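The values are calculated or read from the model by the stated rules, or taken from the named source; none is laboratory data. Remember, it's a predicted structure, so these values are computed and weren't measured experimentally. All Cβ positions, even for glycine, are placed from backbone atoms using ideal geometry, and neighbour counts span all protein chains on display. Remember, those area values only see protein heavy atoms, side chains included, never the ligands or the DNA or RNA. Shrake-Rupley method; radii C 1.70, N 1.55, O 1.52, S 1.80 Å.
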Amino acid sequence: MQRHITPIPCKPWTVNGLSDGLLVSHYENNYGAAVRSLNSIWGRLSELDPTTAPAYEIRALKKAELSAMGSVALHELYFGSLGGDGGVQFTGSGSGTKLSDSVSAALAQHFGSFAAWKREFVGLANALSGGSGWVVLTYSWQDGKLYNQLALDDSQAMLEAVPLLVLDMSEHAYHMEFGANATAYIEAFMRNIDWSVVANRLTQATKGRPVMRKDSSEAQVASISPEELAARRATGEALQIIDARPRFHLSRSADMMAGAVYRDPERVHEWAAELSTESPVVVYCSYGFNVGCAVAGVLRERGFDARFLDGGLSGWYAAGGSRTLWPDPQFSGR
């Protein structure tokens with residue numbers, strides 16, 4: 001059993017007030033570590049004979065498993081909560097560009113108003129400043145009500161409930177950019193909530209169905225996960241791996257996937273002829289959104305067995321994939 005890295009749901013470069021450097025570091029290092037830790041725990045449990053193993057070892061592993069599973073799920077919900085334009089912050093009502101009537105009505109019903117809900121949610125977040133934990137807006141299946149919840153541990157959660165909105169208050173979520181100013185981080189998060197995601201989670205919760213993960217791309221182009229790519233590379237399979245990040249990344253990033261070659265995505269029609277039709281092609285961009293998907297689509301139209309990398313280079317790093325430095329600071333590619 002293995003948990004795969006989920007591509008980052010939000011587009012980091014569009015989040016106003018939370019830099020892409022902060023979000024990508026959080027995703028690759030902390031979320032990625034949680035997934036790798038969970039897989040390591042599952043590996044140990046699969047080797048364990050519960051009828052003969054010491055009781056303390058079973059307890060420790062199952063406790064660690066619960067915490068790791070919670071951390072993975074909460075991180076995915078956190079990143080999936082980001083991406084809004086902040087309109088609701090200024091209207092304070094259901095007329096905001098992202099706050100649906102259903103969410104507005106639910107918050108008013110259970111908290112009195114959007115402003116009252118926000119005051120409580122932000123207050124709970126500030127109570128965690130300098131510490132760690134999560135603030136979670138939760139829908140309870142038991143009584144059909146909304147609650148703002150503090151999760152002081154990754155495994156703390158209401159039973160028979162669905163998280164609708166998640167804020168990570170661990171220092172790794174903001175200290176790199178905000179230092180000790182947790183208040184500024186909380187304000188930036190609130191400005192960037194994607195209320196359409198919250199509305200979708202509420203709809204799924206009230207219908208009694210599991211919340212579906214947000215896809216990194218809606219395009220119907222063949223993809224490959226970081227874990228599958230790593231497994232295929234480990235067998236020695238001949239793969240053509242193309243770094244197709246936009247050219248401006250050459251000045252922003254000092255590394256790339258080990259074994260990849262850079263090609264300018266805007267010139268795919270020129271360099272496609274250099275590829276071999278005998279070996280599969282894997283194309284990656286930064287996060288697995290439009291660029292890698294589009295380039296892989298063009299290559300498939302030309303007859304290549306091409307796939308884009310789910311989660312892009314960031315997903316590869318989060319899964320523990322190898323990296324190398326750019327060949328040259330002035331590397332131009334084609």
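Here are some notes:
A quick yes/no check of all residues on (1) over 30 Å from Leu66 (Cα atoms); (2) β-branched (Val, Ile, Thr); (3) surrounded by 18 or more Cβ atoms within 10 Å (Cβ to Cβ):
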residue: Ser100; (1), (2), (3): yes, no, no
residue: Ala105; (1), (2), (3): yes, no, no
residue: Phe114; (1), (2), (3): yes, no, yes
residue: Ser129; (1), (2), (3): no, no, no
residue: Val136; (1), (2), (3): no, yes, yes
residue: Met158; (1), (2), (3): no, no, no
residue: Asp168; (1), (2), (3): no, no, yes
residue: Tyr174; (1), (2), (3): no, no, yes
residue: Thr203; (1), (2), (3): no, yes, no
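- Of all residues in the range 225-237 being within 20 Å of the chain's Cα centre (by Cα) and over 19 Å from Leu275 (Cα atoms), the one that is most open to solvent (accessible area, probe 1.4 Å): Glu228
- Number of residues in the range 135-174 that are within 20 Å of the chain's Cα centre (by Cα) and either without any contact (Cβ under 8 Å) to a residue 24 or more places away in the chain or not in a loop (DSSP other than H, G, I, E, B) (or both): the value is 15.
- Residue tally, condition in a loop (DSSP other than H, G, I, E, B) and open to solvent by less than 20 Å² (accessible area, probe 1.4 Å), over the range 278-288: 3
- Condition check for Leu61: out of contact with any Asp or Glu (no Cβ under 9 Å at 6 or more places or on another chain), free of Cβ contacts under 8 Å to residues at least 60 places away in the same chain and buried (at least 21 other Cβ atoms within 10 Å of the Cβ): no
- The residue that is surrounded by the fewest Cβ atoms within 10 Å (Cβ to Cβ), counting only those in the range 238-277 that are out of contact with any Asp or Glu (no Cβ under 7 Å at 6 or more places or on another chain) and of a type in the set (Val, Ile, Thr), is Thr277.
- If the condition is being in contact (Cβ under 8 Å) with a residue 40 or more places away in the chain, in contact with a strand residue (DSSP E or B) (Cβ under 6 Å, 6 or more places away or on another chain), hydrophobic (A, V, I, L, M, F, W, C) and assigned to a helix (DSSP H, G or I), then the range 289-306 contributes Cys293, Val295, Ala296.
- Checked against the criterion of being of a type in the set (A, V, I, L, M, F, W, C) and modelled with pLDDT under 95, the candidates Val72, Val15 yield just one match: Val15.
- Top-ranked residue in the range 200-253 [being closer than 30 Å to Asp143 by Cα and charged (D, E, K, R); ranked as modelled with the highest pLDDT]: Arg201
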